[in-house]
Amino acid sequence: MTCVYIGLGSNLAHPVEQLRSALTAMEAIARTRVDTCSAFYSSAPIGPGEQPDYVNAVARLETDLDAIALLDALQAIENQHGRERSIRWGARTLDLDILLFGSDIIETPRLSVPHPRMTERNFVLQPLAELVPDLTLPDGRSLQKLLQQCPPNRLHKL
Ligand code: ROI
């Protein structure tokens, strides 16, 4: 089994419900177990234009799938939740990002792990630190140090 961390985000169509429903859907992924989930956080949107605040969380999964098979399953769940991919960094009903896949470093056209932008996003680092305060990323960087260096962005636990 590989221990995987997933970033969840939504800012449309009842975001809290979107995240709850995504957790239920992830429990149904083959050869995969949802181990735990952080608190839900409200966070100011990062990205262009006006858009509603997000709800964000991080979940820990155990899986026997490989990373691409897991990505396929997560994208199917995003699609079931009405995700549209028209505008980069636009508002979305559901975003499920593979943040960490064991200690693997993955660079393929479809998938980069660790998630390349997670280190700049307190809405990822803070819930992740709730689950694993002493985490070290595969490249040796410490989560606590990254949190200290992360640009501030309005974030509060729901
Ligand atoms: N901003 C916040 N606060 N939370 C997100 O999950 C999020 N996701 C995104 C972009 C548009 C970059 N901004 C976000 O994809």
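Readers should treat all values here as calculations from the given coordinates under stated rules, not as data from a laboratory. All values derive from a computational prediction rather than experimental measurement. Don't worry about glycine lacking a Cβ; one is built from the backbone with ideal geometry, like all the others, and counts go over all protein chains shown.
Between Asn153, Ser38, Leu100, the Cα set farthest toward the positive side of the dipole of the chain (charges on each charged residue's Cβ, about the Cα centre) is that of Asn153.
About the Cα centre of the chain, how large is the charge dipole given +1 on each Lys and Arg Cβ and -1 on each Asp and Glu Cβ? Please answer in debye to the nearest 20. Could you put the intermediate results ahead of the total?
On the way: 15 positive and 19 negative charges, 69 e Å.
Roughly 340 debye for the chain.
Between Arg92, Arg141, Arg33, which gets the highest mean-square fluctuation from a Gaussian network model of the chain, Cα cutoff 10 Å? Answer for the Gaussian network model of the chain: Arg141.
Each helix, a run of at least 4 DSSP H residues, gives -39500 (n - 2.57); summed and divided by the residues of the chain, these come to -8500 deg cm²/dmol at 222 nm.
Since only Leu70, Gly9, Ala91 are under comparison, the one whose Cα sits farthest along the positive direction of the charge dipole of region 2-157, derived from C-beta charges on Lys, Arg, Asp and Glu, is Ala91. Contact order normalised by length for region 1-122, with contacts defined as Cα pairs under 8 Å and 6 or more residues apart; what percent is it? Once divided by the residue count of region 1-122, the mean separation gives 35 percent.
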